[in-house]
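Right, one structure below, let's go through it.
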Amino acid sequence: MQTPWEYRYAHRMKGMGSSVIRELLKYAEQPDIISFAGGLPAPEVFPVKEFQDACNVVLAKNGAQALQYSTTEGHRPLREMIARHATRYMVPVTPENIMITSGSQQALDFMGRVFINRGDYIVVEAPTYLGALQAWNAYGAQYIPVPMDEDGMIVEELEAALRYGPKFIYVLPNFQNPTGATLSLARRKKVIELADKYGVPIVEDDPYGQLRYEGDHIPSLVQLDSEFRGYDDGCYSGNVIYLSTFSKILAPGLRLAWVIAPEQVIRKLVMTKQGADLHTSSFNQYVAYEVGKGGFLDEHVKIIRATYKERRDVMLEMMDEMFPPQVRWTHPKGGMFLWGILPEHMDSAEVLKVALQRKVAFVPGGSFHATGGGLNTMRINFSYSKPEIIREGITRLGTTLKELLHEGEKVPAR
Ligand SMILES: Cc1ncc(COP(=O)(O)O)c(C=O)c1O
């Protein structure tokens, strides 16, 4: 007799089954497919030698502590390093404003555990980061999507969303995943003002802020919020919870990220983390600190920027050459993704099926839309593949799109 597992799962597992797109994207992992689907950093920029040296130093100097259980908040020297960096470039904070998490993905999950009751509304950009939706669906969140353009969330639409009394606003201000869009300074200020007016906190998710390839740095929401409130006591206690990660500036396999928040929020997060995993890997925190101390990261990020800028430029150049005129795309000033917009009648999931036959993959954009829509959009990653692979992949994708647009009947109209 078959074990009736399907009757045993909690309600939250409903709707967590595999999707058609997820099934399709499994093909993208085959070695002969050029995949622009994943969100992977380039392996060529991982500082393997520095990690090797740092592991040796940590084991020689602090082997026992690095292999021992540790505090839930995170390794103090690492939090101090993050606090110094944040204070210099963003907002005055102390280590008490910081908790280390096992990736920003864990911090997103904790936002769900700490703030979301079943049925609560969350304001999200349309489209938004799929991983956040996956985390919060488990807590029964509902979403109010706010449309965006190349300057990020359209703030004129935000006020109406805030009248629903959402739990928080989720914003990806820099080189957003999936569109590559960056929220303009004027809009950032407006988001801060509106959030304050309606008493709604902001979750600022910023994994890509340091990966800017052109234009001037724009202050983060946490910094603007601090200025708006006139805080200068060095211990942030405003309206923003800021998330960032070592995944894109060091290595995602570390699973190391941090939250900056008012101390009282950090205390709730610490209690939550105790129940989740006690603490983030001590060894990884020691090693990341050893690698990162002494200004290594500032220099390393320059290498990442140069590598990704070249890849972005090659991709944009190739798209200009190979993509049919009916297709539009964003020109991100940083990050790892750009966003393609097909003619309204086209379904990018259908395009993916044909593209996979031509051995090239991307992610159809529908899944990044919290409440549906966007079926004619696509997310394309430019950080992972080397320039010559990008040239070949975009040639294949452009050929596929031209063919499908030409023979309209191959892509069924919706
Ligand atoms: C917007 C956004 N938030 C969070 C994450 C998760 O990052 P981490 O590797 O730190 O868990 C990602 C990963 O791609 C991301 O794009």
Checklist (1) surrounded by fewer than 18 Cβ atoms within 10 Å (Cβ to Cβ); (2) closer than 28 Å to S383 by Cβ; (3) of a type in the set (S, T, N, Q) applied to N56, failing item: (2)
Condition broken by M13, with the remaining ones in (1) at pLDDT 95 or above; (2) surrounded by 10 or more Cβ atoms within 10 Å (Cβ to Cβ); (3) not basic (K, R) satisfied: (1)
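Tell me the residue from Y236, Y242, Y308 that is within 16 Å of the ligand (Cβ to nearest atom), among the hydroxyl-bearing types (S, T, Y), farther than 26 Å from K61 by Cβ and open to solvent by less than 10 Å² (accessible area, probe 1.4 Å), please. Can you show your working first?
On the way: Y236 fails: within 16 Å of the ligand (Cβ to nearest atom); Y242 fails: open to solvent by less than 10 Å² (accessible area, probe 1.4 Å).
Going through Y236, Y242, Y308 in turn, just one is within 16 Å of the ligand (Cβ to nearest atom), among the hydroxyl-bearing types (S, T, Y), farther than 26 Å from K61 by Cβ and open to solvent by less than 10 Å² (accessible area, probe 1.4 Å): Y308.
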Tally, over the range 121-136, of residues that are farther than 14 Å from L172 by Cα, open to solvent by 30 Å² or more (accessible area, probe 1.4 Å) and at pLDDT 95 or above: 1
Unique residue being part of a helix (DSSP H, G or I) and touching a Pro at 6+ places or on another chain (Cβ under 6 Å) when the list is Y308, Y289: Y289
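Okay, residues lined up against (1) away from the ligand (no atom under 16 Å from the Cβ); (2) in a helix (DSSP H, G or I):
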residue	(1), (2)
Q2	yes, no
E6	yes, yes
R12	yes, yes
I21	yes, yes
Q30	yes, no
A37	no, no
K49	yes, yes
V58	yes, yes
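Just to verify a result, which residue in the range 67-82, among those that are over 13 Å from T245 (Cα atoms) and surrounded by 21 or more Cβ atoms within 10 Å (Cβ to Cβ), is farthest from the ligand (Cβ to nearest atom)? Let's see the steps before the verdict.
First, the residues of the range 67-82 that are over 13 Å from T245 (Cα atoms): 67-77, 80-81.
The next check asks that each one be surrounded by 21 or more Cβ atoms within 10 Å (Cβ to Cβ); those that pass are 74-75.
On the way: G74: 14, H75: 17 Å.
Only one residue tops the list, namely H75.
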Tabulated pairs, the range 254-265, first among the aromatic types (F, W, Y), second open to solvent by less than 20 Å² (accessible area, probe 1.4 Å) and part of a strand (DSSP E or B), C-beta under 8 angstrom, 6+ apart or interchain: W258/I98; W258/M99; W258/I100; W258/T101; W258/L243; W258/S244; W258/T245
Any hit, the range 83-95, residues being more than 13 Å from the ligand (Cβ to nearest atom), among the basic types (K, R) and either in a helix (DSSP H, G or I) or modelled with pLDDT under 95 (or both): yes
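Just to be sure, is I154 within 15 Å of the ligand (Cβ to nearest atom) and among the aliphatic types (A, V, I, L, M)?
Judged against the criteria, I154 is not a match.
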Filter result for the condition that a residue is part of a helix (DSSP H, G or I) and crowded, with 23+ Cβ neighbours inside 10 Å, over I380, I394, I389: I394
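Quick check, is E214 away from the ligand (no atom under 15 Å from the Cβ), modelled with pLDDT under 95, open to solvent by 30 Å² or more (accessible area, probe 1.4 Å) and not in a strand (DSSP E or B)?
Working: away from the ligand (no atom under 15 Å from the Cβ): yes; modelled with pLDDT under 95: no; open to solvent by 30 Å² or more (accessible area, probe 1.4 Å): yes; not in a strand (DSSP E or B): yes.
Taking the combined requirement at face value, the residue does not satisfy it.
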The range 245-286: number of residues that are within 13 Å of the ligand (Cβ to nearest atom), among the polar types (S, T, N, Q) and part of a helix (DSSP H, G or I): 1
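When you go through N117, N177 one by one, which is the residue that is within 13 Å of the ligand (Cβ to nearest atom) and outside any helix (DSSP H, G or I)? Break it down stepwise before answering.
Numbers: N117 fails: within 13 Å of the ligand (Cβ to nearest atom).
N177 is the lone residue from the list that is within 13 Å of the ligand (Cβ to nearest atom) and outside any helix (DSSP H, G or I).
Taking into account only those residues within the range 34-47 that are more than 10 Å from V363 (Cβ to Cβ) and open to solvent by 20 Å² or more (accessible area, probe 1.4 Å), which is farthest from the chain's Cα centre (by Cα)?
Of everything passing the filter in the range 34-47, E44 is farthest from the chain's Cα centre (by Cα).
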Single residue of the range 220-233 satisfying the filter (acidic (D, E) and surrounded by 14 or more Cβ atoms within 10 Å (Cβ to Cβ)) that is farthest from the ligand (Cβ to nearest atom): E227
Which numbered condition V203 misses (of (1) within 16 Å of the ligand (Cβ to nearest atom); (2) among the β-branched types (V, I, T); (3) surrounded by fewer than 24 Cβ atoms within 10 Å (Cβ to Cβ)): (3)
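Every residue, every condition in (1) within 30 Å of W329 (Cα to Cα); (2) under 22 Å from the mean Cα position of the chain (by Cα), yes or no:
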| residue | (1), (2) |
| --- | --- |
| L67 | no, no |
| P77 | no, no |
| Y89 | no, yes |
| M99 | no, yes |
| M111 | no, yes |
| V155 | yes, yes |
| L162 | yes, no |
| G165 | no, no |
| Y170 | yes, yes |
Residues of the range 123-137 that turn out to be closer than 20 Å to S244 by Cβ and either assigned to a strand (DSSP E or B) or near the ligand (Cβ under 8 Å from one of its atoms) (or both), as a count: 5
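The values are calculated or read from the model by the stated rules, or taken from the named source; none is laboratory data. On a predicted model such as this, the values are computed, not experimentally measured, just so you know. Methodologically, a virtual Cβ is constructed for each residue, glycine included, from the backbone with ideal geometry; neighbour enumeration extends over all protein chains shown. Please note that ligands, DNA and RNA were not included when accessible areas were found on the heavy atoms of the full protein model with its side chains. Shrake-Rupley method; radii C 1.70, N 1.55, O 1.52, S 1.80 Å.
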